[in-house]
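Please treat every number below as a calculation from the coordinates, not as lab data. Bear in mind that the values here come from a model prediction, so they are computed numbers and not experimental data.
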């Protein structure tokens, strides 16, 4: 059974309000006309998670697709010895859980809130009925799945061919692209990750990742803050990530 408090049946959502705007940012729904998107929104429910709360666990059956409305969600894979790999950090407009629409096996990862988060949930039965009436949406869903597979292939290649500092630089740039905002002396990236979580995302030890971050800071490329980083020299970080 999937966790998180479902706040009952929502009122119909207008596409012009904030909820509708967030849903339209998800790749699957981006190209929908107003009628199609409005029909889908009427079947959705809201789920609220506190920081650190688990939405579902690896191995549980999956019966919903989720879109992040606010906050951040991490997808985590656990190993028998207790170690964890952080597979992804997802923010507003990003979708997850869609793989189980077509492969009804157990969840392949756990989903937990990195920060307080609000999600939009859509049951598989509702989603499949909606897709059956709108087969043109399948192309967008396949595109989203293909992009995720492409990112996975890049990550696997990085683990083999890129050193830890390069992977740290690439992870910071990816987080900046999705969560960064300009400030007076650079770009603030409020990633909300602990040092251990950042190391899990990179696929290295915390000590090695901290060493790389300290080196970047000593060069003036960035400034470290609590669960955040300010990027001063994106160009040099990009060169280091290659």
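The separation of region 159-190 from region 61-92, counted between C-alpha centres, amounts to 20 Å.
Extension gain for residue 196 to residue 145 (0.36 nm times residue separation, less C-alpha to C-alpha distance): 15.6 nm. Considering only 157, 212, 171, the Gaussian network model of the chain with Cα springs below 10 Å gives its largest mean-square fluctuation to 157.
Seen against the Cα atoms of the chain and their longest principal axis, helix 124-133 is set at about 70 degrees.
Mean-square fluctuation check for the chain, GNM, Cα pairs under 10 Å: which of 160, 209, 229 is largest? Per the Cα network of the chain with a 10 Å cutoff, 160 tops the list.
For the chain, the longest principal axis of the C-alpha atoms and the axis of helix 137-161 are separated by about 20°.
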